[in-house]
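Participant: Sharing a structure below in structure tokens format, with a few things to ask.
The values are calculated or read from the model by the stated rules, or taken from the named source; none is laboratory data. These numbers come from a predicted model, not from an experiment. Virtual Cβ from ideal backbone geometry, glycine too; neighbours counted across all protein chains shown. All accessible areas refer to the heavy atoms of the entire protein, side chains included, with ligands and DNA or RNA removed. Shrake-Rupley method; radii C 1.70, N 1.55, O 1.52, S 1.80 Å.
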Amino acid sequence: MTSGARVSLVVNGRRREVADVPFGERLLDTLRWRLSLKGTKEGCRAGNCGACTVLVDGRPMLSCLLLTHEANGASVTTIEGVEALSVGRAVVRAFEAEGGLQCGYCTPGFVMALVGHLASPGADRSPAAVRAALEGNLCRCTGYASIVRAAQRAAKEVA
Amino acid sequence: MAGVEWVAPSTEDEALRYFSSDPPSAVVPIAGGTDLLLDLEAGRVGPRRLVSLSRLPWRELEWAPNALRIGSTRPLADIQADPRVRQAVPGLIEAILAVGGPALRHRATLGGNLARAAPASDVIPLLLAVGASVELVGADGHRTVPVDQFVRASRETALRPGELIRRIVLPVPRPSAYRWHRVRPVNDISHVAVGGSFDPGTSEWTVAIGGVPPRPQVERDRTLGARPSDAAIETFARAVAERVPLRGDLRASEGYRRRVVAILVARTIRAVAMADQIGSDRGSAA
Amino acid sequence: MSYSVRPDALEKLTGQVLYGVDVERPGMWWGALVPSPAAAGRLVAIDASAVADEEAVVVTAADLPRLLPNGSGDPERPIFPSTAVRYRGEPVAAVAAPTLERARAAAARVRVRLDAEAPVEDLDRLFPDWPSPETMRDHPLVNGHVLARFGPVDRAFRTADELFQETYRTSGVHQVPLEPHACVADATGSVWHVTTSTQTPFGCREDTASLLGIPESSLVVEGSWVGGAFGSKGSALLEPYALVLSRASGRPVRLALSYAEEFQLGRTTLPSVLRLETALRNGRVVGRRARLLLDTGASLPGGDFTLGYAAGFLLGPYGAPALEIEGYAIRTHKPPFGPHRAPFIPQVAFAIESHLTHLAAHLGEDPIRLRRATVWTEGQTTTLGQRVGPFGLDRCLERAAEVVRAWRVDLPAGHGVGTGAGFWSTGAGAGGEARVVLTPTAVEVEQSEREIGSGSVLRGVAAVVERVLGLPPSHVVVRYQDTASGPFDSGVFGSRTVAALGQAAEKASRRLLTVLQERAGLRSTPRLAVADGRIVLEAPGTSAPVETLFTDSERRAGRLVVDGRHYGRAEGGIDPSRAVVGEFHPFTDFTAAAHVAEVEVDRELGAVRVVRYHAIHDVGTLIDRRTATAQVEGGVAMGLGEALTEEMLWRDDGRLENPGLLDYRLMTITDVPPIEVEFVEGFRGAGPFGAKGLGEIPIVPVPATIAAAIHDALGRPLFELPMTPERIARALAERTVDRPPVGRGAPA
């Protein structure tokens, strides 16, 4: 019995072949420790904080609760690749302009969750829907005020 | 979970074969994995092999004349986004919105919720209330089991060794609602939750109370009728609250839970009875 | 609207910054801690024979003499226990292995044999009735006692015609920085090195060196980017373990906590019981007393700082003809009490402010007017007899009253509006130094603090320098240096960064202008400006590139360096005639805030929704509006958690029941209402341009404010934090408003 195998991913537009990935490994750990993409953050590792959110085939997902092998063949976008997306650039600009961050640890998760929402077909860009898209992401510094301002600004800009 | 093996069959037959060849505890199916991975990491589950259901063509959302059939591995986010589901079974949308956060719902599935039978599952009480059933597939073929018989206790189902959940079948249309109570509205565990529905054909009310040992409790009534009075609702809700088995834990005491059951049963029935039942009302503070 | 963009925004928004958890070193191994399985007991043996991994390295107390150059480290504060364990989860051994999985697997196979004893966890169980002085005098668990008194207290209480007495309870709350503690240590050479997520690089160096018994000069602490701290990342936590593991394995070792460990090891705010008594005569306040039992966890003998500091806050910023405060620090089998954003003061403010709110209702008075009648103003004295400096709370309360009036118009049924206030002392810590480096094209500020998120370093300190020199943000860069090369600073804590480190930078900037003035032979102080991308000296009739004023050596180096230092002082001491027993700590600068909240309460379930929030802050002088506003917004949200949802639940056996974010509930984006932030200026502080610190005060009034708003909505007092739906429902279910003299404020 083998305990690992090669995984093929398209990460931020680039094909990555990762050898010997244990079957039990989570995408979060593969990104951080095998591909050195440290921008994706490990938070609670239990699906409660959203810090590890990445896009898998365009959908926001918690990389702490996703086996890397489950993502085999998928296209993965992490915070390092966010500026390659037009919605991503708009979100980054809006967060920068509104100062929608402090320590920055939760920031990649917020950005990816918002990009995932705004880039989805027919996305609801109403203030309530934009806020709801960020319900799974915890921030300890900002009190969300500047994040809400940034998200609403981003929603207007991509419209 | 070191050394665990993982396979992703692409056909039903192939998937079932993995389960016929190994002892049950050694092979565990994984759908979204959002609940299972926590148990794997904590060592509460230790299979030799994970059989991923994600490559199977089990993601349909099909409308039959009186039924909605949802493939067991369809992510909750897809169901949540479907306006027809919202129209036909509004309570299901409310229950799904109570599960985790948006990113988690892109991964979590109805089938996973049922197979894992988590005591705090938000979708099981609703599926019980609307009278949903599950279609199971195994080496001996298909069989259909009402959710009421499928979920036996916390983490215990009627699945036989080698059997998988193929799809979930909901009778439609089904006026329904889901009301929960937690300390924090989102991203929290429901301490008490109530799924409720009214079957216009039989004029029967069904409520299912979650957060109750050993599994959500189902209560039915045929006296309330389509337009129940407030007094009748209160009487029914109080009677239900008095007889459901409840336990206190770190999240809420038994006494408080009982109080909450009465309140939520009443609120759920009122929500269903109201014509425009789906609006901004997302939770208990409404 | 113009925006002053954070200099770290783009890097953080694109995932480029490295936090402590992100740091890697070539050949690095991974560490894991072995926790004590019991909260109390005698250590019999630590048996690593079951560790199957032949490469794994296990370190216990017995190995320290071999690993450390000067014995076992600090005998008063051993990093591993060798006789008794003090709390559940206390590290009793540490393991390093080539991978995290192997390190964790090995740690799980280390057997810890203990003669377990019944732990002490619960203050109410320990003292079912309010303890008498006799009980406390020789009580083995009392680890600190303070008593202060002013005026005719005994007479006031003896002759009172009414005693308004309440008992409050508060819970343990955790800082929860989203980035857990993490470091990478390298002790393979003669100078040891640790890269760590710390808010006090020098404090961490001092503490780590002291714990390991090595000179500070042989340890270099390099701060990583910090993913939130809130007090939790001062001094040393993981660094000593990582260093001894590195020593033992001969490799760099990474050690990071899981969230569960973060909760279980957390040095944080612990539970308390507070009793407040106001003596009334003919409806007038003649005296007030506060009594405190503070759970200080497994604090070392005499090792508690909080009690003597919290004491000065117990009666709030309000005078009375006679005052008395008494407090006891109680040792229990929880992790030691530790700093947490205005440690324990939101809880204290909850009690005293709620007491005043309830008293006002009892007397039929307006709660804000009642506060304003006795609130401190400049020149008055504190409870401990310290002179009050410029203090804007009365002005904040006046504004709060206007907000309350406006919000009461058309207030929906089921809603309530309430006010709470608080004060804080800023600028604590020994002091700091900064270098201002003038180059032909920019000004760099060299200093030793890493930005922890608030913006106090990268925006706050920079804004001070910009303001002195006259330069735009684009031409002032704050640079970080490690403890080997950077100037000393106490740390980013105690709301001191802008107020204290900012003063060091301010002084350096002013000295730079003086140097340039002298060299240019100017009569008045010049300013700097940017022209064609170069820094120029501007004075009436003069405009010259700064490098024309450089000496030859400065021109060769391309830089002119000026140092600034600031060492703080307390603002007048504590009156020794008031401090009867114990050690008190004076305040250094007085900042204040009044908050207003509107809540909606579900009367059936007890659930609270905060509808809107208004925070009014005395900041002395505003240095950077956007950074200041962000601090208040963040502090309010954290305070809402302490008010409504956050609570560490310990079982009788010392096990923490909710070591994770599912049942330790932080506020979400859905819970936090719109927050209006307003600043009151003119009550000058000791910081640059009269600035006061703003890091901690925003959290202080929040639980009190929410309690007041709920009280307004329901007409029922609440006596316990957090104010969960169940506690509110219980208060609603009571027939009468009950204030028992002893025991549960809200009887079950």
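Participant: Out of all the residues in the stretch A:2-18, which are within 14 Å of chain B (Cβ to nearest Cβ), part of a strand (DSSP E or B) and open to solvent by less than 70 Å² (accessible area, probe 1.4 Å)?
Facilitator: Matches in the stretch A:2-18: A:GLY4, A:ALA5, A:VAL7, A:SER8.
Participant: Here are some conditions: (1) over 31 Å from the mean Cα position of the chain (by Cα); (2) in a loop (DSSP other than H, G, I, E, B). C:VAL530 meets all but one. Which one does it not meet?
Facilitator: (2)
Participant: If you go through the stretch C:424-465, how many residues are of a type in the set (Val, Ile, Thr), closer than 26 Å to C:PRO586 by Cα and away from chain A (no Cβ under 14 Å)?
Facilitator: Looking only at that region, the number is 2.
Participant: In the stretch A:72-85, what residues are surrounded by fewer than 22 Cβ atoms within 10 Å (Cβ to Cβ) and either of a type in the set (Val, Ile, Thr) or without any contact (Cβ under 8 Å) to a residue 60 or more places away in the chain (or both)?
Facilitator: A:GLU83, A:LEU85
Participant: Okay, next question. Where the second residue is basic (Lys, Arg) and open to solvent by 60 Å² or more (accessible area, probe 1.4 Å) and the first is on the phi < 0 side of the Ramachandran plot and lies in the stretch B:145-162, which pairs have Cβ atoms under 8 Å and are six or more apart or on separate chains?
Facilitator: Listed pairs, sorted by first residue: B:ALA158/B:ARG152.
Participant: Follow-up. Name the pairs whose Cβ atoms lie under 6 Å apart, with the first residue in the stretch C:724-744 and away from every other protein chain (no Cβ under 14 Å), the second at pLDDT 80 or above, and 6 or more positions between them or separate chains?
Facilitator: From the stretch C:724-744, the pairs are C:ARG739/C:GLU166; C:PRO741/C:GLN165; C:VAL742/C:ASP129; C:VAL742/C:TRP130.
Participant: Do we have any residue at all in the stretch A:95-108 that's touching a residue at least 40 places away in the same chain (Cβ under 8 Å) and within 14 Å of chain B (Cβ to nearest Cβ)?
Facilitator: yes
Participant: Being crowded, with 22+ Cβ neighbours inside 10 Å and outside any strand (DSSP E or B) is the filter here, so list the residues in the stretch C:175-196 that pass it.
Facilitator: Residues satisfying the conditions are C:GLN175, C:VAL176, C:PRO177, C:LEU178, C:GLU179, C:PRO180, C:HIS181, C:ALA187.
Participant: Against the condition of a type in the set (Gly, Ala, Ser), under 20 Å from C:PRO722 (Cα atoms), within 14 Å of chain A (Cβ to nearest Cβ) and in contact (Cβ under 8 Å) with a residue 12 or more places away in the chain, how does C:ALA630 come out, does it pass?
Facilitator: Criteria not met by C:ALA630.
Participant: Among residues belonging to the stretch C:377-418 that are over 18 Å from C:PHE679 (Cα atoms) and in a helix (DSSP H, G or I), point out the one that is most open to solvent (accessible area, probe 1.4 Å).
Facilitator: For the stretch C:377-418, the residue satisfying everything is C:ARG405.
Participant: Something else about it: Name every residue in the stretch B:136-185 that is over 30 Å from B:LEU246 (Cβ atoms), in contact with a strand residue (DSSP E or B) (Cβ under 6 Å, 6 or more places away or on another chain) and open to solvent by less than 50 Å² (accessible area, probe 1.4 Å), in order of residue number.
Facilitator: Result: B:LEU136, B:VAL137, B:GLY162, B:GLU163, B:LEU164, B:ARG166, B:ARG167, B:VAL169, B:VAL172.
Participant: Here is a follow-up. Going by the structure shown, is C:ASP624 within 11 Å of another protein chain (Cβ to nearest Cβ), touching a residue at least 12 places away in the same chain (Cβ under 8 Å) and open to solvent by 10 Å² or more (accessible area, probe 1.4 Å)?
Facilitator: Values: within 11 Å of another protein chain (Cβ to nearest Cβ): yes; touching a residue at least 12 places away in the same chain (Cβ under 8 Å): yes; open to solvent by 10 Å² or more (accessible area, probe 1.4 Å): yes.
For C:ASP624, the condition - within 11 Å of another protein chain (Cβ to nearest Cβ), touching a residue at least 12 places away in the same chain (Cβ under 8 Å) and open to solvent by 10 Å² or more (accessible area, probe 1.4 Å) - is met.
Participant: Pick from the stretch C:95-140 the residues that are in a loop (DSSP other than H, G, I, E, B) and acidic (Asp, Glu): which of them is surrounded by the most Cβ atoms within 10 Å (Cβ to Cβ)?
Facilitator: Applying the filter and picking the extreme gives C:GLU121.
Participant: If the requirement is being among the hydrophobic types (A, V, I, L, M, F, W, C) and assigned to a loop (DSSP other than H, G, I, E, B), which of these qualifies: C:ALA434, C:ALA421, C:ALA430?
Facilitator: Among C:ALA434, C:ALA421, C:ALA430, only C:ALA430 is among the hydrophobic types (A, V, I, L, M, F, W, C) and assigned to a loop (DSSP other than H, G, I, E, B).
Participant: For the stretch C:627-651, enumerate the residues that are buried (at least 22 other Cβ atoms within 10 Å of the Cβ), under 19 Å from C:PRO343 (Cα atoms) and not small (Gly, Ala, Ser).
Facilitator: First, the residues of the stretch C:627-651 that are buried (at least 22 other Cβ atoms within 10 Å of the Cβ): C:627-648, C:650.
Cutting the leftovers down to under 19 Å from C:PRO343 (Cα atoms) gives us C:631-648.
Selection gives C:GLN631, C:VAL632, C:GLU633, C:VAL636, C:MET638, C:LEU640, C:GLU642, C:LEU644, C:THR645, C:GLU646, C:GLU647, C:MET648.
Participant: Out of everything in the stretch B:1-21 that is at pLDDT below 90 and closer than 22 Å to B:GLU41 by Cα, what residue ends up being farthest from the other protein chains (Cβ to nearest Cβ)?
Facilitator: B:ALA2
Participant: Taking C:PHE689, is it closer than 16 Å to C:CYS396 by Cα and open to solvent by 30 Å² or more (accessible area, probe 1.4 Å)?
Facilitator: On the way: closer than 16 Å to C:CYS396 by Cα: no; open to solvent by 30 Å² or more (accessible area, probe 1.4 Å): yes.
Taking the combined requirement at face value, the residue does not satisfy it.
Participant: Continuing with this model, one more query. Tell me, which residue of the stretch C:365-376 that is assigned to a loop (DSSP other than H, G, I, E, B) and under 17 Å from C:GLY418 (Cβ atoms) is most open to solvent (accessible area, probe 1.4 Å)?
Facilitator: C:GLU365
Participant: Do we have B:GLY32 as at the interface with another protein chain (Cβ under 10 Å from one of its Cβ atoms) and loosely packed, with under 14 Cβ neighbours inside 10 Å here?
Facilitator: no
Yes or no, residue by residue, for (1) over 29 Å from C:THR357 (Cβ atoms); (2) aliphatic (A, V, I, L, M); (3) part of a strand (DSSP E or B):
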site	(1), (2), (3)
C:TYR613	no, no, yes
C:HIS617	no, no, yes
C:GLN631	no, no, no
C:ALA643	no, yes, no
C:PRO659	yes, no, no
C:LEU666	no, yes, no
C:THR670	no, no, no
C:GLU678	no, no, yes
C:PHE683	no, no, no
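Participant: From (1) in contact with a Gly (Cβ under 6 Å, 6 or more places away or on another chain); (2) open to solvent by 20 Å² or more (accessible area, probe 1.4 Å), pick out the condition that doesn't hold for C:GLU216.
Facilitator: Going through the list (1) in contact with a Gly (Cβ under 6 Å, 6 or more places away or on another chain); (2) open to solvent by 20 Å² or more (accessible area, probe 1.4 Å), C:GLU216 breaks only (1).
Participant: A further question on this structure: Residue check: is B:GLU62 under 18 Å from B:PHE19 (Cβ atoms), surrounded by fewer than 19 Cβ atoms within 10 Å (Cβ to Cβ) and touching a strand residue (DSSP E or B) at 6+ places or on another chain (Cβ under 7 Å)?
Facilitator: no
Participant: Return the total of residues in the stretch C:652-681 being farther than 30 Å from C:THR621 by Cβ, buried (at least 20 other Cβ atoms within 10 Å of the Cβ) and more than 10 Å from chain A (Cβ to nearest Cβ).
Facilitator: Here the count works out to 3.
Participant: In addition: Looking only at residues in the stretch C:1-45 that are open to solvent by 50 Å² or more (accessible area, probe 1.4 Å) and over 24 Å from C:GLY227 (Cα atoms), which one is farthest from the other protein chains (Cβ to nearest Cβ)?
Facilitator: C:ARG42
Participant: Name the strands (runs of 3 or more DSSP E) wholly inside the stretch C:1-92 in which the number of residues that are in contact with a helix residue (DSSP H, G or I) (Cβ under 6 Å, 6 or more places away or on another chain) and among the small types (Gly, Ala, Ser) is 3 or more.
Facilitator: It comes to none.
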